[in-house]
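The values are calculated or read from the model by the stated rules, or taken from the named source; none is laboratory data. Note that the structure is a prediction, hence the values are computed from the model and not measured. Neighbour counts are summed over all protein chains in view; Cβ atoms, including those assigned to glycine, are modelled from backbone coordinates with ideal geometry.
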Amino acid sequence: MNYDALLWLSFGGPEGPDEVMPFLENVTRGRGVPRERLEEVAEHYHHFGGVSPINRLNREAIAAVEKELAAQGIDLPVYFGNRNWRPMVEDTVATMAADGVRRALVFPTSAYGGYSACRQYDEDIERARAAVGEGAPHLVKLRQFFDHPLFVGAFADALRAARAELGADEGTRTVFVAHSVPVGADAAAGPPGSGGHRYSRQIAEAARLVAAEVGLGGHDVVWQSRSGPPQVPWLEPDIVDHLGTLHAEGVRAVAVCPVGFVSDHLEVIWDLDNEAAERAAELGMGFARAATPNADPRFAQLVVELVREHTQGAPARKLSDFPAAGGTANGAPCAPGCCEPVRRRS
Ligand SMILES: CC1=C(CCC(=O)O)c2cc3nc(cc4[nH]c(cc5[nH]c(cc1n2)c(C)c5CCC(=O)O)c(CCC(=O)O)c4C)C(CCC(=O)O)=C3C
Ligand SMILES: [Fe+2]
């Protein structure tokens, strides 16, 4: 099948102090996140002048993908749209339609399944097409890539570098970390009848694949950036609490690998490089954080390879037994009820 364009679909982030609160209100609309949590998170953004690096990182990655497409002789313009902040995906898809784009592939900047990591990007696609209405392009999302050898390879090299920084020995523990989600959302992740927990199981699998490539004897998987009201359970343990546990076990240094993310956006540079690093320092533990793949040349190669699965029938390279999921048209779920959002009380 032929495509006219590639849509780079991401989360979005503020690019100035006045944009922080409106952005946070977009993210949390109807999601039952308490006001105090929003104010606390706003402070994290203000710590960096109200600018999240995420839009810049996406633009850099898009430039690398454009170069890689050209190098491989693939003529596909790349458009950029976000769920929560400008450029908003609704506006981008309208521009695409005006430019005459009829069929486009969509790269979501998340490697995993689950409501927040996959299905919510389907909702974005559906909403953007509905906003454009008649003449909206046909949009086909690329599949989940947490088990792709180029994704695993980029994290493996980054983790090796972080461990080398620590002069890693038997006193060093490697800790993989991903964004926490509500326990109920994780239980509902995956197609109905598949046993659920697709998000946390894929995170554990990606961690296992990276650890195996680095040749680690053991590792932990923990969570970060818990949100929501306190009475709702989220995946645990939190990275900051886990550092205390490791310290009590006699661990002297920690190499942290943020395997749940593709770029060093705000939740990485605040929750890990600030909060977790500070806790490690308090405990007198060494701390090093592996880079995310955004700037690695393999990331652009990965995106182009996923594109070629659709345009040239390239084989779907993957290192796990999980089904290749998430690649659906016009925001359809993988299966009826797949990764259904958990009903929230208003
Ligand atoms: C699984 C997952 C990913 C990974 C998959 C992916 O990458 O898509 C992710 C990524 C991101 N999350 C981000 C930022 C935020 N997430 C929030 C809130 C939430 N995240 C959730 C989950 C995830 N989030 C959930 C279940 C909530 C609760 C509200 C809800 O049910 O939706 C909030 C609200 C404030 C708060 O933290 O409470 C903010 C500001 C940014 C941008 C950072 C920047 O600006 O650089 C990125 C890339
Ligand atoms: Fe988030």
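Out of all the residues in segment 93-127, which are more than 14 Å from ligand 1 (Cβ to nearest atom) and either among the hydrophobic types (A, V, I, L, M, F, W, C) or outside the structural domain of V65 (by TED's automatic domain parsing) (or both)? Walk me through how you get there before you give the answer.
Looking only at segment 93-127, we keep the residues that are more than 14 Å from ligand 1 (Cβ to nearest atom), and these are 93-105, 126-127.
If the condition is that a residue be more than 14 Å from ligand 1 (Cβ to nearest atom) and either among the hydrophobic types (A, V, I, L, M, F, W, C) or outside the structural domain of V65 (by TED's automatic domain parsing) (or both), then V93, A94, M96, A97, A98, V101, A104, L105 are the ones that fit.
Number of residues in segment 5-24 that are under 20 Å from the mean Cα position of the chain (by Cα) and either away from ligand 2 (no atom under 16 Å from the Cβ) or surrounded by fewer than 14 Cβ atoms within 10 Å (Cβ to Cβ) (or both): the value is 4. Only a single criterion out of (1) crowded, with 17+ Cβ neighbours inside 10 Å; (2) more than 16 Å from ligand 2 (Cβ to nearest atom); (3) not aromatic (F, W, Y) is not satisfied by N274, namely (1).
Filter segment 30-40 down to residues that are without any contact (Cβ under 8 Å) to a residue 60 or more places away in the chain and within 9 Å of ligand 1 (Cβ to nearest atom) and give me whichever is surrounded by the fewest Cβ atoms within 10 Å (Cβ to Cβ). This residue is E40.
Can you spot a residue in segment 283-304 that is away from ligand 1 (no atom under 16 Å from the Cβ), under 19 Å from D75 (Cα atoms), in contact with a Leu (Cβ under 8 Å, 6 or more places away or on another chain) and not assigned by TED's automatic domain parsing to the domain that holds L246? For segment 283-304, residues away from ligand 1 (no atom under 16 Å from the Cβ), under 19 Å from D75 (Cα atoms), in contact with a Leu (Cβ under 8 Å, 6 or more places away or on another chain) and not assigned by TED's automatic domain parsing to the domain that holds L246: present. If I filter segment 209-226 for residues that are surrounded by fewer than 22 Cβ atoms within 10 Å (Cβ to Cβ), within 16 Å of ligand 2 (Cβ to nearest atom) and in a loop (DSSP other than H, G, I, E, B), do I get at least one hit? Looking for residues that are surrounded by fewer than 22 Cβ atoms within 10 Å (Cβ to Cβ), within 16 Å of ligand 2 (Cβ to nearest atom) and in a loop (DSSP other than H, G, I, E, B), one finds at least one in segment 209-226, hence yes.
Quick one: would you say G49 is surrounded by fewer than 18 Cβ atoms within 10 Å (Cβ to Cβ) and more than 16 Å from ligand 2 (Cβ to nearest atom)?
Numbers: surrounded by fewer than 18 Cβ atoms within 10 Å (Cβ to Cβ): yes; more than 16 Å from ligand 2 (Cβ to nearest atom): yes.
Yes, satisfied.
Restricting the search to segment 227-276, which residues are within 13 Å of ligand 1 (Cβ to nearest atom), modelled with pLDDT of 95 or more, in contact with a Gly (Cβ under 9 Å, 6 or more places away or on another chain) and in a loop (DSSP other than H, G, I, E, B)? Correct list: P233, H265. Residues in segment 45-86 that are assigned to a loop (DSSP other than H, G, I, E, B) and either farther than 19 Å from A104 by Cα or touching a residue at least 40 places away in the same chain (Cβ under 8 Å) (or both): 14 in all.
I'm checking my understanding of the structure. Among residues of segment 172-208 that are part of a loop (DSSP other than H, G, I, E, B) and more than 16 Å from ligand 1 (Cβ to nearest atom), which one is surrounded by the fewest Cβ atoms within 10 Å (Cβ to Cβ)? Here the answer is G193. Report, ordered by the first and then the second residue, all pairs with beta carbons closer than 9 Å, sequence separation of six or more or different chains, a first member in segment 112-129 that is closer than 15 Å to N26 by Cβ and touching a residue at least 60 places away in the same chain (Cβ under 8 Å), and a second member that is among the acidic types (D, E) and within 10 Å of ligand 1 (Cβ to nearest atom). That search, which allows pairs on different chains as well, returns nothing.
Tell me, please, whether a residue that is modelled with pLDDT of 95 or more and in a helix (DSSP H, G or I) can be found in segment 101-108. Can you show your working first?
First, the residues of segment 101-108 that are modelled with pLDDT of 95 or more: 101-108.
Still in the running and in a helix (DSSP H, G or I): none.
Among the residues of segment 101-108, not one is modelled with pLDDT of 95 or more and in a helix (DSSP H, G or I), which makes the answer no.
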